[in-house]
Amino acid sequence: QSRLGDMLEDGRGVPKDEVQAVKWYRLAADQGYAPAQSRLGDMLEDGRGVPKDEVQAAKWYRLAADQGYAPAQSSLGFMYAYGLGVPKDEVQAAKWYRLAADQGYAPAQFRLGFMYAYGRGVPKDGVQAVKWYRLAADQGYAAAQSGLGFMYAYGRGVPKDEVQAAKWYRLAADQGDASAQSFLGDMHMLEARRGAPKHHADAVKWYRLAADQGYAPAQSGLGSMYENGKGVPKDDAQAVKWYRLAADQGYAPAQSSLGFMYAYGLGVPKDEVQAAKWYRLAADQGDASAQSLLGLMYANGLGVPKDDVLAYMWFNLGAAGGNEVGGKNRDLLAAHMTRDQIAEAQRLSREWMPK
């Protein structure tokens, strides 16, 4: 029954029919067959062949997970990690990931590595993250290969090693992993900045592959290449197109860049209201450059009402985030403000920081 469900789900030997696949999975699942329970959970989680129902998905995953079935344990961990059909509980997520990871199940090994990399449900531990990423990466699991590349690129849990980083990114990128493709683009840009401009074309190649999959950091990176004419002819309209695609996904650097394009009429009609809007979206996410640029808009009354207190606040926040221009502009502005205005701006800055 379960195998017939597999064939109907994938259209192997029979016409693809997810509704019928669900029927046969359910018949096998009701007999306690763990693989069918897990597949039924997948169908319910994704809404394939049956209305989407994350609570029911979690129920079936648990029945299979309690029998020690690794894919269901990993899926149940995912449900706990993101609060899908069950209350969000990252400790429980890590528990279920570990049970599956200890059986050698690559997706769970990757997910457990991710939990260690970012301290979610377990103490943050780069060494443990690398261990679990490597176990999955050695099985050819693309997301883990990309994650391992990241650890080498930034020296987390292992000594920094750009050669190893590029190796693992490339293995994942060749499987179509968008994050790895984007990171490879970043590495080629790093080489270009070190004095090897021939790498610009390679950066464009990898950014485009990831951007075409809808990966926001790569879309933003490709926009920057068009804006600056690196590896492609300079084309502000194309830059705006790619920035917008990333900005609409909430990617702060692209929102800031799109604001800049509107502020100066590059690839779009000059529109300071739109510029301020996009700067604000990025600034609210903590983008230091956007915060400083938004400060300029308030200081000069461009696209927003002139307001020295808000200008000081945004300059101050940008400076706190490492933007030196924001710090210089804040100090220049302070020379023309009253003590009460400065105190109010500092109060607003303190209130914003926890957000």
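The values are calculated or read from the model by the stated rules, or taken from the named source; none is laboratory data. Owing to the predicted nature of the structure, the values given are computational and were not obtained by experimental measurement. In this analysis, Cβ positions are derived from the backbone assuming ideal geometry, glycine residues included, and neighbour counts consider all displayed protein chains. SASA here: full protein model, heavy atoms, side chains in, ligands and nucleic acids out. Shrake-Rupley method; radii C 1.70, N 1.55, O 1.52, S 1.80 Å.
Please verify whether GLY295 is out of contact with any Leu (no Cβ under 9 Å at 6 or more places or on another chain) and over 23 Å from LEU190 (Cα atoms), treating the condition exactly as stated.
no
For region 114-156, what are the residues that are within 29 Å of HIS188 (Cβ to Cβ) and outside any helix (DSSP H, G or I)?
ASP138, GLN139, GLY140, TYR141, GLY155, ARG156
From the list GLY149, GLY185, which one is small (Gly, Ala, Ser), at negative phi, touching a Gly at 6+ places or on another chain (Cβ under 6 Å) and buried (at least 22 other Cβ atoms within 10 Å of the Cβ)?
GLY185
Would you point out which residue out of GLY83, GLY77, GLY47 is open to solvent by less than 10 Å² (accessible area, probe 1.4 Å) and modelled with pLDDT of 95 or more?
Going through GLY83, GLY77, GLY47 in turn, just one is open to solvent by less than 10 Å² (accessible area, probe 1.4 Å) and modelled with pLDDT of 95 or more: GLY77.
Taking GLN37, is it open to solvent by 60 Å² or more (accessible area, probe 1.4 Å), among the polar types (S, T, N, Q), modelled with pLDDT of 95 or more and closer than 20 Å to TYR69 by Cβ?
no
For region 163-180, which residues satisfy the criterion of being assigned to a helix (DSSP H, G or I) and either out of contact with any Asp or Glu (no Cβ under 9 Å at 6 or more places or on another chain) or surrounded by fewer than 24 Cβ atoms within 10 Å (Cβ to Cβ) (or both)?
Passing the criteria: VAL163, GLN164, ALA165, ALA166, LYS167, TRP168, ARG170, LEU171, ALA172, ALA173, ALA178, SER179.
Yes or no, residue by residue, for (1) in contact (Cβ under 8 Å) with a residue 24 or more places away in the chain; (2) closer than 30 Å to LYS306 by Cα:
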site: MET225; (1), (2): yes, no
site: ASP236; (1), (2): yes, yes
site: GLN249; (1), (2): yes, yes
site: PHE260; (1), (2): yes, yes
site: TYR264; (1), (2): no, yes
site: ALA276; (1), (2): yes, yes
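If a residue must be open to solvent by 20 Å² or more (accessible area, probe 1.4 Å) and among the aliphatic types (A, V, I, L, M), how many such residues does region 103-130 contain?
Final tally of qualifying residues: 2.
Just to be sure before I move on: is GLY303 at positive phi, touching an Asp or Glu at 6+ places or on another chain (Cβ under 6 Å) and of a type in the set (Gly, Ala, Ser) in the structure I sent?
Here the answer is yes, as GLY303 does meet what is asked.
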